Ligand SMILES: NC(=O)c1ccc[n+]([C@@H]2O[C@H](COP(=O)([O-])OP(=O)(O)OC[C@H]3O[C@@H](n4cnc5c(N)ncnc54)[C@H](O)[C@@H]3O)[C@@H](O)[C@H]2O)c1
């Protein structure tokens, strides 16, 4: 019997919500049937643009509608917990934006609730779903690069590089801003690649401008970090280090992950997402464009265009949403084996953020809470 498409509703139609709508529309077995935002104008424009029949300004209406199967939560961070919890209680599968929650404790509860209700619960950490990132992971799993010695990298952006860079997004972020916003993406990508969680951290969180001046000339106090320097130790003892900053001029969305192995090093750069750089002692750098002949068997589904026809940011998001919907349709989400990030990973991200804040305050190594 042919499968019925899953019916999706997307809540929050600012920057990322429409990207989810695009990703859903690229899947064969999913239909965006309703869109929601607190701004009626955003709703009207998005419904018209994407040809979605139903628009709402109240998310509760959608959660209580039995004809909707999946909720995409693309609202600001402070609303994630409330909407995700209620969606699960209403029996919906949930694909949430990151950071999953406002605390590790709340994220733990949400993961438990999804398990108890037997619902799929995904988090949009899409970077791990790039073909080149999956290739790194596969090469480690097949012991092709030799023993991993260390993991390094960065996630650099520039939106907070000047004293006059101030926006409402800097307010109400909880105890962390830059680690919570982009550091968690690096952590998810690194943990997915090496296949283990981070056990402990030593973080130095820096505020470059304790007061910022808004466009209206008003001074705003800033209490959360612009930049963080973070040492990590994974579960097995594998050491690592990365820098995360919103004050790195020239860097638009520069996530880099290096896994240095005894045989060769591997580097992935988000701004050149379709390739993997191999660092070889004997011959120097080799650039591997993702293509079915060069990648491992399990990575082939992630390669969707010929070499040089650059697969990138929207494709990774599509891959992540696609893996989520496939796992619902074939029931594999019940075995906790989805390749996309789950609420379990969302919890690990929250535990990581809290550990960084604790470490920076205490100026020492601290353990990251585990599930
Ligand atoms: N995975 C990624 O790469 C990525 C990238 C950007 C943002 N994000 C995450 O996505 C979330 C949203 O970020 P954004 O950049 O799209 O923010 P945004 O401010 O551009 O959009 C948020 C939208 O939510 C709407 N909204 C606010 N309150 C609402 C409510 N009560 N009901 C319905 N809609 C409401 C706002 O009107 C706005 O349109 C954040 O959690 C952020 O961390 C993830």
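Check whether at least one residue in segment 67-78 is over 17 Å from residue 320 (Cβ atoms), in a loop (DSSP other than H, G, I, E, B), without any contact (Cβ under 8 Å) to a residue 40 or more places away in the chain and within 13 Å of the ligand (Cβ to nearest atom), and report yes or no. Can you show your working first?
To start, the set of residues in segment 67-78 that are over 17 Å from residue 320 (Cβ atoms) comprises 67-69, 75-78.
Those still in the list that are in a loop (DSSP other than H, G, I, E, B) too: 67-69, 75-76.
Next, only the ones that are without any contact (Cβ under 8 Å) to a residue 40 or more places away in the chain stay: none.
The answer is no; no qualifying residue exists.
Within the group 180, 145, 160, 190, which residue is in a loop (DSSP other than H, G, I, E, B) and buried (at least 23 other Cβ atoms within 10 Å of the Cβ)?
On the way: 180 fails: in a loop (DSSP other than H, G, I, E, B); 145 fails: buried (at least 23 other Cβ atoms within 10 Å of the Cβ); 190 fails: in a loop (DSSP other than H, G, I, E, B).
None of the other options fit; the residue is 160.
Taking segment 91-109, which residues are surrounded by fewer than 24 Cβ atoms within 10 Å (Cβ to Cβ), within 15 Å of the ligand (Cβ to nearest atom) and in a helix (DSSP H, G or I)?
Passing the criteria: only 106.
Checking the structure you have, find out if any residue of segment 54-70 is under 24 Å from residue 336 (Cα atoms), modelled with pLDDT of 95 or more and within 18 Å of the chain's Cα centre (by Cα).
Within segment 54-70 (the criterion being under 24 Å from residue 336 (Cα atoms), modelled with pLDDT of 95 or more and within 18 Å of the chain's Cα centre (by Cα)), the answer is no, since none of the residues qualifies.
Which numbered condition in (1) within 11 Å of the ligand (Cβ to nearest atom); (2) buried (at least 18 other Cβ atoms within 10 Å of the Cβ) is the only one that residue 57 fails?
(2)
Per-residue answers, yes or no, for (1) farther than 26 Å from residue 117 by Cα; (2) assigned to a loop (DSSP other than H, G, I, E, B); (3) in contact with a strand residue (DSSP E or B) (Cβ under 7 Å, 6 or more places away or on another chain); (4) away from the ligand (no atom under 11 Å from the Cβ):
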position: 14; (1), (2), (3), (4): yes, yes, no, no
position: 20; (1), (2), (3), (4): no, no, yes, no
position: 24; (1), (2), (3), (4): no, no, yes, yes
position: 33; (1), (2), (3), (4): no, no, yes, yes
position: 38; (1), (2), (3), (4): yes, yes, no, no
position: 42; (1), (2), (3), (4): yes, no, no, no
position: 49; (1), (2), (3), (4): yes, no, no, yes
position: 62; (1), (2), (3), (4): no, no, yes, no
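For segment 69-88, which residues satisfy the criterion of being within 19 Å of residue 42 (Cβ to Cβ) and either in contact with a strand residue (DSSP E or B) (Cβ under 8 Å, 6 or more places away or on another chain) or crowded, with 24+ Cβ neighbours inside 10 Å (or both)?
Filtering segment 69-88 down to residues within 19 Å of residue 42 (Cβ to Cβ) leaves 71-80, 83.
Selection gives 71, 72, 73, 74, 75, 79, 80, 83.
Being surrounded by 17 or more Cβ atoms within 10 Å (Cβ to Cβ) and out of contact with any strand residue (DSSP E or B) (no Cβ under 8 Å at 6 or more places or on another chain) is the filter here; which residues of segment 114-137 pass it?
So the first thing to find is which residues in segment 114-137 are surrounded by 17 or more Cβ atoms within 10 Å (Cβ to Cβ), and the list is 114, 119-137.
Matches in segment 114-137: 125, 126, 128, 129, 131, 134, 137.
Are any residues in segment 173-184 within 11 Å of the ligand (Cβ to nearest atom), out of contact with any strand residue (DSSP E or B) (no Cβ under 6 Å at 6 or more places or on another chain) and at pLDDT 95 or above, and if so, which ones? Give the steps one after another, and end with the answer.
Step one: filter segment 173-184 for residues within 11 Å of the ligand (Cβ to nearest atom), giving 173, 177, 180-182, 184.
Of the ones still in play, those that are also out of contact with any strand residue (DSSP E or B) (no Cβ under 6 Å at 6 or more places or on another chain) are 173, 177, 180-181, 184.
Listed by number, the residues that qualify are 177, 180, 181, 184.
Residues of segment 1-12 being outside any loop (DSSP other than H, G, I, E, B) and either over 18 Å from the mean Cα position of the chain (by Cα) or away from the ligand (no atom under 11 Å from the Cβ) (or both), which ones? Lay out the reasoning, then the answer.
So in segment 1-12, the residues outside any loop (DSSP other than H, G, I, E, B) come out as 6-11.
Listed by number, the residues that qualify are 6, 7, 8, 9.
Is one or more of the residues making up segment 118-127 in a helix (DSSP H, G or I), touching a residue at least 24 places away in the same chain (Cβ under 8 Å), within 28 Å of residue 312 (Cβ to Cβ) and touching a helix residue (DSSP H, G or I) at 6+ places or on another chain (Cβ under 9 Å)?
Step one: list which residues in segment 118-127 are in a helix (DSSP H, G or I), which gives 126-127.
If we keep only those that are touching a residue at least 24 places away in the same chain (Cβ under 8 Å) too, we end up with 126-127.
If we keep only those that are within 28 Å of residue 312 (Cβ to Cβ) too, we end up with 126-127.
Filter once more, so that each one left must be touching a helix residue (DSSP H, G or I) at 6+ places or on another chain (Cβ under 9 Å): 126-127.
Yes.
The values are calculated or read from the model by the stated rules, or taken from the named source; none is laboratory data. Keep in mind it's a predicted model, so treat the numbers as computed, not measured. Backbone-built Cβ (ideal geometry, glycine too); neighbour counts: all protein chains shown.
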